[in-house]
Amino acid sequence: MIISGYELIIIKPKKNFFLNKTEKKVIKLDIIYEDNEIIILNKSAGLVVHPAIGNLSGTLFDNLLEIYPFLINVPRAGIVHRLDKNSSGLMVVAKSIKSYIHLVNQLKMHIVQRKYLAMVWGIPKLNGMINAAIMRNPHNRIKMTVSKNFNAKPALTYYERLATGIINKKHISLIRCNLKTGRTHQIRVHMQWLGHGIVGDNLYGKKYSKSLIFNRQALHAYKLGLIHPKNNLKLKWRINLPDDISKLITFSGIKWI
């Protein structure tokens, strides 16, 4: 099936791996598609992508090396891009250096398509473009911020409001975001700057976010499109929302199919 010039591929999870035995913690790694060059996986919320202070083991990086030991020879174990720990959704992993370079170049040229669904506070405009550069917050190194400083990197996000509901007498909206750049925390920072923080985002969200029983930011990478590094086919994957965000949508009174 060809849709908008892309060959649509929707495949049920092919493999379920349960790893991280040293910490006796079960991690489910869902591989949606795999061939000799790439892996498409659905990252679960709570899974850290790269090892860092506070998360030195049990990461996606560690799990990939456990399943595919040869990825030790590929930069970052083949991880081409990342998702925040508490975000979920589609990621691509390269299985060779050649494929890795090909995919990184696609990201630099804005060829890779990454679309997200998110729940935000308030009622944003029906659609819009956020063109606001982002840099590390000089007052809090954990956070990013919109800035006109010459060190800030260009960041461009398109968004579309799909529906609006109410929780605790406060408006809440389902939006779709299309990333044209991939800065750290980009959607979270842009939506907060717009005045419509991501629900459950305790780093950037509004104070009343904590009054809602939702323990992570309601942000899910549900579509991924790229050019295959070997055969040059334009491919696209789409996955459903995870149960927690689906329940949040239902709780808000939004009917979403």
How large is log10 I(q)/I(0) at q = 0.14, 0.15, 0.17 Å⁻¹ when the Debye formula is applied to the Cα atoms of the stretch 30-252, each weighted equally and without solvent? -0.91, -1.04, -1.29
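Let me know the whole percent of all Cα-Cα pairs from the stretch 137-176 that are separated by more than 11 Å.
Details: 580 of 780 pairs.
Beyond 11 Å sits 74 percent of the P(r) for the stretch 137-176.
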Sticking with the crude label model, points 7 Å out along Cα→Cβ, report the distance from THR181 to ARG141 in nm, one decimal please. 2.3 nm
What Kirkwood radius, in Å to one decimal, follows from the Cα pairs of the stretch 152-197? 11.7 Å
Tabulate in residue order the Karplus-calculated ³J(HN,Hα) for the stretch 181-198, using 6.51 cos²θ - 1.76 cosθ + 1.60 with θ = phi - 60°, rounded to whole Hz; enter x for Gly and Pro. 10, x, 6, 4, 6, 3, 5, 4, 5, 5, 5, 5, 5, 6, x, 9, x, 5
Hydrodynamic radius by Kirkwood, which averages 1/r over all alpha carbon pairs of the stretch 81-147, in angstrom: 15.3 Å
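Express the accessible area of the stretch 30-252 per residue in Å², computed with a 1.4 Å probe while the remaining protein chains stay in the model. Working shown, then result.
Working: 10620 Å² over 223 residues.
Accessible surface, normalised per residue, equals 48 Å².
Considering just Cα atoms, how many Å³ per residue does the convex hull of the stretch 129-257 enclose? Each step should come with its number before you reach the end.
Numbers: hull volume 17.7 nm³, N = 129.
Expressed per residue, the convex hull around the Cα atoms of the stretch 129-257 is 138 Å³.
With 29 Å as the limit, write out which pairs from LYS143/LYS236; LYS98/LYS153; LYS95/LYS234; LYS170/LYS236 have Cα-Cα distances beyond it, or answer none.
Correct reply: LYS143/LYS236; LYS170/LYS236.
Considering all alpha-carbon pairs of the stretch 26-118, what whole percent are spaced by more than 22 angstrom?
Values: 998 of 4278 pairs.
So the portion of pairs separated by more than 22 Å is 23 percent.
Which loop trypsin sites (Lys or Arg not before Pro) in the stretch 114-221, with loop taken from DSSP, have no more than 13 other Cβ atoms within 10 angstrom of their Cβ?
Details: sites: ARG114, LYS115, LYS125, ARG136, ARG141, LYS143, LYS148, ARG161, LYS169, LYS170, ARG176, LYS180, ARG183, ARG188, LYS206, LYS207, LYS210, ARG216; in loops: LYS125, ARG141, LYS143, LYS148, LYS169, LYS180, ARG183, LYS206, ARG216.
Taking the stretch 114-221 and a limit of 13 other Cβ atoms within 10 Å, the loop trypsin sites (Lys or Arg not before Pro) found are LYS125, ARG141, LYS148, LYS169.
The values are calculated or read from the model by the stated rules, or taken from the named source; none is laboratory data. Because the structure is predicted, anything quoted here is derived from the model rather than measured. We place every Cβ from the backbone using ideal geometry, glycine too, and count neighbours over all the protein chains shown. Surface accessibility is based on the protein's heavy atoms, side chains included, excluding ligands, DNA and RNA. Shrake-Rupley method; radii C 1.70, N 1.55, O 1.52, S 1.80 Å.
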